[in-house]
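One structure is given below, encoded as structure tokens.
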Amino acid sequence: MSKCNRQNCTACPFIQEGKNIQINQTKWTFNKKFNCQTYNLVYAIVCRKEECKEVYIGETKRLLKSRLSEHKGYVTNHDTSTATGRHFNSSGHTLADLSITVIEQVRKNYTLYRTQREEYHIRRFNTLYKGLNRQI
């Protein structure tokens, strides 16, 4: 996962760079290179606060940067009806604490398959019980 480094990219400041991610003691190595222009994917939003590190797993068929814009909007508009809006508007948190990474670009461009992969990663990383997915 890397930044696209395009001038004025609104997603790059939130990109968590690296070749893998570890969530709740489970490590996942990425199967290819990703950036904010990646689409048809499963992603993880991670709270950067060292004492928190809560994670939300989601999916989208659109560009990562487009879906990230929605999550940022939940925070800036104080929309606490969503898991990420509620978390990043909670006491001691701000939009600056939000980071995002692609976990997997899904091979088949079917909504059902993508949501199945999202559910797989929610179970794998246990974000239903130890993460923000419990709030959906």
Based on what the data block shows, is Arg134 more than 23 Å from Asn35 (Cβ to Cβ), open to solvent by 20 Å² or more (accessible area, probe 1.4 Å), at pLDDT below 95 and not in a loop (DSSP other than H, G, I, E, B)?
yes
Just wondering, is there one or more residues in the stretch 54-65 that are open to solvent by less than 20 Å² (accessible area, probe 1.4 Å) and either in contact with a Cys (Cβ under 6 Å, 6 or more places away or on another chain) or without any contact (Cβ under 8 Å) to a residue 60 or more places away in the chain (or both)?
yes
Looking at the stretch 71-109 only, could you name the residues that are free of Cβ contacts under 8 Å to residues at least 40 places away in the same chain, farther than 23 Å from Phe30 by Cβ and not hydroxyl-bearing (Ser, Thr, Tyr)?
Gly73, Val75, Asn77, His78, Asp79, Gly85, Asn89, Leu95
Please go through the stretch 3-25 and give me each residue that is touching a Phe, Trp or Tyr at 6+ places or on another chain (Cβ under 8 Å) and surrounded by 15 or more Cβ atoms within 10 Å (Cβ to Cβ), ordered by number.
Ile21, Ile23
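State the number of residues belonging to the stretch 96-110 that are open to solvent by 10 Å² or more (accessible area, probe 1.4 Å) and in contact with a strand residue (DSSP E or B) (Cβ under 7 Å, 6 or more places away or on another chain). Please lay out each step first, then the result.
To start, the set of residues in the stretch 96-110 that are open to solvent by 10 Å² or more (accessible area, probe 1.4 Å) comprises 96-97, 104-105, 107-110.
Now restrict to residues that are in contact with a strand residue (DSSP E or B) (Cβ under 7 Å, 6 or more places away or on another chain): 97, 104-105, 109.
Looking only at that region, the number is 4.
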Surrounded by fewer than 16 Cβ atoms within 10 Å (Cβ to Cβ) and β-branched (Val, Ile, Thr) - does that describe any residue in the stretch 26-49?
yes
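The values are calculated or read from the model by the stated rules, or taken from the named source; none is laboratory data. What you see is a predicted model, and the numbers here were worked out from it, not measured in a lab. A quick note on method: Cβ atoms are made from the backbone with ideal geometry, for glycine too, and the neighbour counts reach across all protein chains shown. With ligands, DNA and RNA removed, areas are computed over all heavy atoms of the protein, side chains included. Shrake-Rupley method; radii C 1.70, N 1.55, O 1.52, S 1.80 Å.
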